[in-house]
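The values are calculated or read from the model by the stated rules, or taken from the named source; none is laboratory data. No experiment lies behind these values; they were computed from the predicted model shown. Reconstructed Cβ throughout: ideal geometry from the backbone, glycine too, with neighbour counts over all protein chains shown.
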Amino acid sequence: MKTSSIVEYSTKATRQAQHRREMLRQVYLPIGLTALLLVVVPVVLLLTFSPYQLGTVSSFMSLLMLIPAAVLCIIPYVALAALVMALWKLNVWLPDRFALLQNVIRGANSAEQVAIRIIVRPIIWLNSQFAALESLLRRKPKALPNPSTKRGIDEYTR
């Protein structure tokens, strides 16, 4: 019995040690190197380059980041351009086929706009009357300055 538990313990300890080594090699080491590079590279650039050279290097690095982004954006741009062209061709083709339908829809839209204006006009007039009445009822009369006081005009014009 004791030998089997010792063997289990040693294999478990071996697996844990192997896991620790793998974590160190595959996770912690790359993170540490990245952090080191993020600190060391800017310090080296600041110490070795003049301000003009540093500006040139930073512009070039920005360009190196921009090129992959531009390449990735070309695919959706081409798809969008193709969609616009297809829609344009569809619009060129449709008027011949559906000219009557377009005229009916245009007429219905015009009649709808006229009806909306007729319906809304009294509502807007009534709302403006209520707003004028409300402003008359809420308005407080402004007091004229009292010349007998020694306060200046500025207090009454605030």
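Worth pointing out:
- Residue in the stretch 81-91 that is free of Cβ contacts under 8 Å to residues at least 40 places away in the same chain, charged (D, E, K, R) and exposed (fewer than 10 other Cβ atoms within 10 Å of the Cβ) present: no
- Scanning the stretch 83-107 for residues that are more than 25 Å from the chain's Cα centre (by Cα) and at pLDDT 85 or above yields Met85, Ala86, Leu87, Trp88, Lys89, Leu90, Asn103, Val104, Ile105, Arg106, Gly107.
The rows are residues; the columns are (1) at pLDDT below 90; (2) loosely packed, with under 10 Cβ neighbours inside 10 Å.
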| site | (1), (2) |
| --- | --- |
| Ile116 | no, no |
| Ile119 | no, yes |
| Ile123 | no, yes |
| Ser128 | no, no |
| Ser135 | yes, yes |
| Arg139 | yes, yes |
| Ala143 | yes, yes |
| Lys150 | yes, yes |
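- Yes/no for Ser50 being out of contact with any His (no Cβ under 6 Å at 6 or more places or on another chain) and loosely packed, with under 10 Cβ neighbours inside 10 Å: yes
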